[in-house]
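Asker: The following block contains the structure, expressed as structure tokens.
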Amino acid sequence: MGKKDKKKGRAAAADDDEPADVAEEAGGAAAAAAAPKLVARVLSVGKHPDKKATKLSVCSVDGGGGAVAVVCGATNLREGMLTVLAPVGASVATPKGALAIKPAQVRSVDSHGMLCGRGELGMTAAGAAFPTAVVELPDQTIPPGTPFEPTMLEAAPVAAPEAA
């Protein structure tokens, strides 16, 4: 099964390099906007063990409840970054509507959530291509597990200089 099969709602094939089978259809864009997405710290990033999965990484992520494994195809992953996790039970936006996140195996590796880019957060223009990067929160002091708010993507506040 290839991309054509995915469009028809069939499970991703074992040779696809996309973690599409982590989600299942759940409803409209409103469901994605109301889902409980969380601030998360990427604890580690490793290569997917399947040599054919060259575009996938296996990450350990702390979304406030301890480390979980997430298989991700983002291009900007790095240890220590603060991003947004759609945990199991949450939903994300897609070009075809909202998708509910469920535990899945992505090319034989367990995945327990999805790291989100602007597209999955419902922050791209209608019809625009979804970015291949996950969002990175500029304020590194936000604790993992904090519910995500779009205002967190604004630049971190600059500390006022101390009076001399």
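The values are calculated or read from the model by the stated rules, or taken from the named source; none is laboratory data. It should be emphasised that the depicted structure is a prediction, and the values quoted were computed from it without experimental measurement. Glycine also receives a Cβ, built like all others from the backbone with ideal geometry; neighbour counts cover every protein chain displayed. The accessibility values were calculated without ligands, DNA or RNA, using every heavy atom of the protein model including side chains. Shrake-Rupley method; radii C 1.70, N 1.55, O 1.52, S 1.80 Å.
Asker: Do any residues in the stretch 83-94 that are under 13 Å from Val71 (Cα atoms) and in contact (Cβ under 8 Å) with a residue 24 or more places away in the chain have Cβ atoms under 9 Å from those of residues that are buried (at least 24 other Cβ atoms within 10 Å of the Cβ) and of a type in the set (Ser, Thr, Tyr), where the two are at least six apart or on different chains, and which pairs are they?
Answerer: Pairs found: none.
Asker: Residues Gly27, Gly66, Gly80, Gly89: which one is out of contact with any Ser or Thr (no Cβ under 9 Å at 6 or more places or on another chain) and either under 23 Å from Glu154 (Cβ atoms) or modelled with pLDDT under 85 (or both)?
Answerer: None of the other options fit; the residue is Gly80.
Asker: Failed condition for Val135, given (1) in contact with a Gly (Cβ under 8 Å, 6 or more places away or on another chain); (2) free of Cβ contacts under 8 Å to residues at least 60 places away in the same chain; (3) open to solvent by 40 Å² or more (accessible area, probe 1.4 Å), with all others met?
Answerer: The number of the failed condition is (3).
Asker: Select from the stretch 51-64 the residues that are part of a loop (DSSP other than H, G, I, E, B) and under 14 Å from Val84 (Cα atoms) and list them in ascending order.
Answerer: We begin by selecting, within the stretch 51-64, every residue part of a loop (DSSP other than H, G, I, E, B); these are 51-56, 63-64.
The answer is Gly63, Gly64.
Asker: Shifting gears a bit: Give the residue, chosen from Ser60, Ser44, that is open to solvent by 20 Å² or more (accessible area, probe 1.4 Å), among the hydroxyl-bearing types (Ser, Thr, Tyr), within 13 Å of His112 (Cβ to Cβ) and modelled with pLDDT of 85 or more.
Answerer: Details: Ser44 fails: within 13 Å of His112 (Cβ to Cβ).
Just one listed residue meets the conditions, Ser60.
Asker: Quick test of your reading of the structure: Asn76 fulfils all but one of (1) within 17 Å of Thr132 (Cα to Cα); (2) without any contact (Cβ under 8 Å) to a residue 24 or more places away in the chain; (3) out of contact with any strand residue (DSSP E or B) (no Cβ under 6 Å at 6 or more places or on another chain). Name the failing condition by number.
Answerer: Asn76 satisfies every listed condition except (2).
Asker: Pairs needed: first member in the stretch 38-61, among the charged types (D, E, K, R); second member anywhere, assigned to a strand (DSSP E or B); C-beta distance under 6 Å; at least 6 residues apart or different chains.
Answerer: Note: pairs meeting the criteria are Arg41/Asp62; Arg41/Leu82.
Asker: If the requirement is being open to solvent by 40 Å² or more (accessible area, probe 1.4 Å) and over 15 Å from Val58 (Cα atoms), which of these qualifies: Arg118, Arg78?
Answerer: Step by step, each of Arg118, Arg78 is checked, and only Arg118 is open to solvent by 40 Å² or more (accessible area, probe 1.4 Å) and over 15 Å from Val58 (Cα atoms).
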